[in-house]
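The block underneath contains the structure these notes are about, expressed in structure tokens.
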Amino acid sequence: MSHATLTPKSRSSLRGATLPKWFPWAVAAGATAAGLGISAAAGLNSSIQWALIAVVLFVGGTYAISARIEGGRQAKDRVATSMVWVAFLLALIPLLSLIWETVKQGVKVLDGYFLTHSMGVVADSEPGGGIYHAILGTLEQVGLATLFSVPVGVLTAIYLVEYGRGRLAKAVTFFVDVMTGIPSIVAGLFILSLWVLILDMGPSGIAGSFALCILMIPVVVRSTEEMLKLVPNELREASLALGVPKWRTILKVVLPTSIGGIVTGVMLAVARITGETAPVLLLVWGTDFINANPFQDPQESLPMYIYLQYNAGSDPAYDRAWAAALTLIAFIMILNLVARGIARWKAPKTGR
Amino acid sequence: MDITTDPQKPAAAPVPHQPPAKDAERAARGATRPGDRIFLGLSRGSGILVLAIMAAIAAFLTYRAWLAISEDEANFFTSFEWNPSGTPPEFGIAVLAFGTIVSSIIAMAIAVPISVGIALFITHYAPRKLGGAIAYVIDLLAAVPSIVYGLWGALFLVPHMDGLFGWLDEYLGWTGIFEWSGGAPRSLLTVGILLAIMILPIITNVSREVFRQVPRMHEEAALALGATRWEVIRMSVIPFGRSGIISASMLGLGRALGETMAVAMVLSPTFDINASLLDPGGGTFAQNIASKFNEATVMGRDALIASGLVLFVITLLVNGGARMIIARRKEYSGANA
């Protein structure tokens, strides 16, 4: 880092007084101790309160001491540094707590039985039951959505990168961007108004898949587009110069070169839609029974299962919800990690 | 590309002025052979399909919403009622708009400074390896589904909010905004905090990308002039990244506005507006749809679709605005590079 050049080890007399390296840590320790002391003395028992007091003391103390010894500019710099650290630690607490809590609560009932049984004859308030039907539903709905979305998404990206010039391409680019931001519930409402209210179809897995498609297509387009742009133009030109038609150039040269990135993008998109609940709530409804047919009758999905179990409101149901949440997170994290692994392994060599 | 790939007319025997301009253009676009034509058609068709989907979303939502709003006896935008299946049907989105806006404002007020802080931490403060690892973890956290945030929020965050609520009530209760009557802390403030946690990763990721693109020369010039690290950030990083921060925040805002399940699980909705953020009051568009959907009649569903249409338009504006800022910045920085 270039900042290292700013603080050379040997201090010349040209520089003003500087505080030693351990100064921030000392102030932090002092502030924590003071915060704990004050709250103990005042009888406050909320951890938020003493942490808040400690943070205020830390920032204030740093500024006061540094301003006296090093001057105003250095003091501001130190305050900014400590604020950035505080922001980082502050954000870490809830995010780590989320993961920790899910793992801690989730392992309670997560076992082979839980993964291979449905909720068929289990009352909400009783322990037992499992998520087999939910896993089945999730796999089918997400699988169908992927089946529709990937060709459309990849072809759209090919159009944008290989053919697209002019107004149509600009419009498609803009609306793909906008489509990324459509709330999942709105996608669900759209399919509801078209499929259920106008075409008069009942709830089914496929209706949920349609809504998931709307959420998945833009993600696939964006990531594929980025990957196709990374393919060096020389490859295309070499192929075209040999007299290979453009479509074969795309199929045999461009796509194979970027396939790693495209697969990564698709997997990340799958990971994203796997966790969607709102469209499933509106269109697939959820059920306690195993329904392997995605074209008829309500199905379950993992996120939907979590929601239904949470709504059931008993302790065994909460345990099941946590366990399902752990399964869902594990599935999504594995997809993410594998996708990133592929991306790193298959990345086109761009000479960077 | 200016390469004629037609084997019928080898490039070795050029006929000057021969192929009419139209043919040349088509050849240049690679659409002369059946394979090329089919492929172009397929890919262009997919692009058009995307546009068609967007148009269809707008059209069908508007149609169903129109059915509902034309029956509505109350003013759709100002009424505090939500009784679409009553006779006469009366419903309005005032409460939902209030709740959505307030919870999003709280979320943004908390999330934006903290996210920018983390992004700066990753790019400018943390040791390089640690920064990379943190960036990776935050990337992964962005993938955690909202239902899990909702479950955590409802079963872990809500019971832990009592302390904060009591504290706010004790010291800031006199403002009226932080008055607490002691109910379960399932209010707009809790929702706002949860939304802030949920949109942290995305805002952090986008701002980090922008901060990483700050030209090295700008920073080193500032350093050479004797600036402290904070002054470097204030003088070269933040001005360069300002539009990036704004668009990142708007992307986060878009997500906060449309968040459904987490809000539905945490908030105890009342169809009422309350000046206090700590007491129950308000709902959000998305949460209202999820909570009311099950017992809704056809009329009720159309009313929910009408409220969804409003949400759609709002998120469209927010996201479109964010994209336009990004696009403008691209051109700007391109000219500057």
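The values are calculated or read from the model by the stated rules, or taken from the named source; none is laboratory data. Worth saying up front: this structure is predicted, and the values here are computed from it rather than measured. Don't worry about glycine lacking a Cβ; one is built from the backbone with ideal geometry, like all the others, and counts go over all protein chains shown. Note: accessible area is taken over every heavy atom of the protein model, side chains too, but ligands, DNA and RNA are not part of it. Shrake-Rupley method; radii C 1.70, N 1.55, O 1.52, S 1.80 Å.
Per residue, the accessible area of chain A comes to 46 Å² when a 1.4 Å probe rolls over the protein heavy atoms. Rg then Dmax, both in Å and based on the Cα atoms of the range A:17-106: 15.7, 54. Cβ-Cβ distance of A:L36 and B:F77, R₀ of 56 Å, FRET efficiency by 1/(1 + (r/R0)^6): the value works out to about 0.60. Scanning chain B for long hydrophobic helices, with DSSP H runs required to stretch 18 angstrom or more by C-alpha along their axis and to average at least 0.5 on the Kyte-Doolittle scale, returns B:34-71, B:94-120, B:128-141, B:188-212, B:238-258, B:298-336. With both labels modelled 7 Å from their Cα along Cα-to-Cβ, the A:S97 to A:E126 distance reads 3.6 nm. Scanning residues 5 or more positions from B:T270 or on other chains, those with amide H under 5 Å from its amide H are B:G281, B:G282, with H placed 1.01 Å from N in the peptide plane. Our coupling estimate for the range A:107-120, obtained by passing each phi through the Karplus curve with A = 6.51, B = -1.76, C = 1.60 and θ = phi - 60°, is 6, 4, 10, 7, 8, x, 4, 4, 7, 10, 10, 9, 8, x Hz, Gly and Pro reported as x. When you restrict to C-alpha pairs under 8 Å that are six or more residues apart and normalise by the size of chain A, the relative contact order lands at 21 percent. Relative contact order for the range A:17-106: 25 percent, from Cα pairs under 8 Å spaced at least 6 residues apart, divided by residue count. Rg and Dmax of the range A:132-346, both derived from C-alpha coordinates alone, stand at 19.5, 69 Å. The distance linking the range B:174-203 with the range B:248-269 is 12 Å (Cα centroid to Cα centroid, whole angstrom).
With an 8 Å cut-off on Cα pairs and a minimum separation of 6 or more residues, tell me the relative contact order of chain B in percent.
Relative contact order of chain B: 23 percent.
Once you list every other residue whose beta carbon is under 13 Å from the beta carbon of B:E179, what net charge do they have if Lys and Arg are +1 and Asp and Glu are -1?
-3
Ranking A:F295, B:F156 from most to least accessible surface, computed with a 1.4 Å probe over the protein chains only, gives A:F295, B:F156.
Values of log10 I(q)/I(0) for the protein assembly as shown across q = 0.05, 0.08, 0.09 Å⁻¹ run -0.28, -0.71, -0.88, by the Debye formula with one identical scatterer at each alpha carbon and no solvent. Cut-off 14 Å, label point 7 angstrom out along Cα-to-Cβ of B:E170: give me the residues of the range B:188-229 whose amide nitrogen falls inside. No residue passes the distance filter.
Interface area, chains B and A: about 8500 Å² of buried accessible surface, summed, with a 1.4 Å probe and ligands, DNA and RNA left out.
The accessible surface of the protein assembly as shown, taken with every protein chain in place and a 1.4 Å probe, is 65 percent carbon and sulfur. Estimated from helical segments only, the mean residue ellipticity of chain A at 222 nm is -23000 deg cm²/dmol, where each DSSP H run of four or more residues counts as -39500 (n - 2.57).
For B:F91, the amide hydrogen comes within under 5 Å of the amide hydrogens of B:E73, B:A74, B:N83, counting only partners 5 or more places away or on other chains and with H modelled in the peptide plane.
Buried on complex formation within the range A:145-177 (loss of at least 20 square angstrom of accessible surface versus the isolated chain, 1.4 Å probe, ligands and nucleic acids ignored): A:V152, A:L155, A:T156, A:Y159, A:Y163, A:L168, A:V172, A:F174, A:F175, A:D177.
Comparing mean-square fluctuations of A:G72, A:G130, A:G164 from a GNM of chain A with C-alpha springs under 10 Å, the top value falls on A:G72. Extension gain for A:A171 to A:L147 (0.36 nm times residue separation, less C-alpha to C-alpha distance): 6.1 nm.
Each Lys and Arg Cβ is given +1 and each Asp and Glu Cβ -1; about its Cα centre, the range A:183-298 then shows a dipole of about 520 debye.
Note on the range B:90-336: along the principal axes its Cα atoms extend 65, 41, 32 Å, ordered by decreasing extent. Residues of the range A:191-227 with amide nitrogen under 16 Å from the 7 Å Cα-to-Cβ point of B:E209? Zone members listed by number: A:218-227.
Okay, which of the range B:152-186 sit inside 12 Å, backbone N to the point 7 Å along the Cα-Cβ direction of B:T270? Residues B:180-184, B:186 fall inside that zone.
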